[in-house]
Amino acid sequence: PNNIDTLMKRGWVYALQEKPEYDKARDDFAKVLGLDPTESEAHSGLGYVQACQKSPGEARLAASRALLHGGGRYLVLHNIACVYAKLAQTDAARAKEYEHLAIDHLRRALELWRKAGSPHPDEQQLIRDEPTFVPGLRAHPDFPKLFQPTNKKH
């Protein structure tokens, strides 16, 4: 009942299954944060659930906390991008702003991933496979640029 890894995995399963159980996912992520308030993945998971439940203020706060505690981890940045991508789908008035934020976080995630090198999960492939990145976001002019080779030396 107090195993952070188990709660985290179960939270994501609840959030991402075919018929999501967002309340259960939210409860698992909140329990993790009760055990460790600095757990950035739990903050990003909570933000994702809140974005799905059309609670943009709470989702943005959770994404900010995830960035505060895990901004140096590319997988956390990927999850934060998912929060903003979902917000772009649920808040049409601010969709462009959220799309820009999603792409900015993905750009930074890719920078960190490139620095990390293998055997880490391939961030480019994770982006390609991410169902939260719907055609509207993928049509953004900056989205294809994420996959262009970089000339920066690391």
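The values are calculated or read from the model by the stated rules, or taken from the named source; none is laboratory data. Quick caveat: nothing in here was measured; it's all calculated off a predicted structure. All Cβ positions, even for glycine, are placed from backbone atoms using ideal geometry, and neighbour counts span all protein chains on display. Please note that ligands, DNA and RNA were not included when accessible areas were found on the heavy atoms of the full protein model with its side chains. Shrake-Rupley method; radii C 1.70, N 1.55, O 1.52, S 1.80 Å.
For region 11-31 and region 57-111, compute the distance between their C-alpha centroids and round to whole Å.
One Cα centre to the other: 19 Å.
In deg cm²/dmol, rounded to 500, what helix-only [θ] at 222 nm does the chain give when every DSSP H run of at least 4 residues adds -39500 (n - 2.57) and the total is split over its residues?
Theoretical 222 nm ellipticity from helices: -21500 deg cm²/dmol.
Given Cβ point charges of +1 (Lys, Arg) and -1 (Asp, Glu) and nothing else, what value in debye, to the nearest 20, does the dipole of region 9-154 about its Cα centre take? All intermediate terms of the calculation are to be shown ahead of the outcome.
Numbers: 22 positive and 19 negative charges, 78 e Å.
The calculation lands at about 380 debye.
Jot down the per residue volume, in cubic angstrom and as a whole number, of the convex hull over the alpha-carbon atoms of the chain.
112 Å³
Quick one: with all protein chains in place, what share of the accessible area of the chain is carbon or sulfur, to the nearest percent (1.4 Å probe)?
The value for the chain is 53 percent carbon and sulfur by accessible area.
Against the longest alpha carbon principal axis of the chain, how many degrees, from 0 to 90 and to the nearest 10, is the axis of helix 95-116 turned?
Taking Cα atoms only, the helix is inclined about 80 degrees.
If the limit is 25 Å between Cα atoms, which of K86/K145; K19/K115; K19/K86; K54/K96; K31/K54; K9/K145 go over it?
Listed pairs above 25 Å: K19/K115; K9/K145.
Please find the FRET efficiency linking D122 to A93, where r is the Cβ-Cβ separation and R0 is fixed at 35 Å, and quote it to the nearest 0.05.
Here the calculated transfer efficiency is 0.50.
Mind checking the per residue accessible area of the chain for me, 1.4 Å probe, whole number of Å²?
Values: 8350 Å² over 154 residues.
Normalised by residue count, the accessible surface of the chain is 54 Å².
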